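The values are calculated or read from the model by the stated rules, or taken from the named source; none is laboratory data. The structure displayed is predicted, hence computed values, not measured ones. Positions of Cβ are generated from backbone atoms using ideal geometry, with glycine treated the same way; all protein chains shown enter the neighbour counts. For accessibility, only protein heavy atoms count, side chains too; no ligands or nucleic acids. Shrake-Rupley method; radii C 1.70, N 1.55, O 1.52, S 1.80 Å.
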Amino acid sequence: MKTFWLLYKSEAKLSIREMSSIIFGIFVPLGIVCLMGVMDSSNDSLNTAFVAVSTVGICSAGVMGLPLALSSYRERKILKRYQVTPISPIQLLLAHLLFCFTISIVSMLLLLGVLVVFFQFS
């Protein structure tokens, strides 16, 4: 379990360096929900906006982030190198999947916080 958390930390550092999953998973949904909240701040439209933009955050973090990581690992032959080490490539992929899940949860919580604080969302 200790190796899994070490892999998780290294995957988090690598993903933060790349910034595409952070930008498209957190900042773009926040910008979209702020724009939609300024345009129409009724509670019904904010409810719809929260659901739609949360889906965008989940899809961009998970659906876009995981295949990009897999293709870069395959291109750099990282998974082949992990086959000869005691660490399984499955652990590496699960660590990246957990990081994508973490980005999705952070995105949804930030969206909810922004809507509650700035737009009186209930």
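Per-residue ellipticity at 222 nm computed for the chain from its helices equals -25000 deg cm²/dmol, with DSSP H segments shorter than 4 residues left out and the rest contributing -39,500 (n - 2.57).
A Förster radius of 35 Å combined with the Cβ-Cβ distance from Leu6 to Ser42 puts the calculated FRET efficiency at roughly 0.15.
Taking 0.36 nm per residue of separation and subtracting the Cα-Cα distance, what length does fully extending Ile90 through Val106 add?
Values: separation 16, 0.36 × 16 = 5.76 nm, distance 2.41 nm.
3.3 nm is the gain from fully extending Ile90 to Val106.
For the chain, leaving out every one of the trypsin sites (Lys or Arg not before Pro) that falls in a DSSP loop and has at most 15 other Cβ atoms within 10 Å, the longest unbroken run is 1-75. With protein chains left intact and a 1.4 Å probe, residues in the range 67-122 average 66 Å² of accessible area per residue. What you get for the range 1-86, charging only the Cβ of Lys and Arg (+1) and of Asp and Glu (-1), is a dipole of about 840 debye around the Cα centre.
Of Leu70, Pro89, Ile26, which is farthest along the charge dipole of the chain in the positive direction, counting Lys and Arg as +1 and Asp and Glu as -1 at C-beta? The one lying farthest along the dipole's positive direction is Pro89.
Taking 0.36 nm per intervening residue step and subtracting the Cα-Cα distance, what contour gain separates Glu75 from Val28 on full extension? Provide the component values of the computation, followed by the final result.
On the way: separation 47, 0.36 × 47 = 16.92 nm, distance 2.78 nm.
Extra length available between Glu75 and Val28 comes to 14.1 nm.
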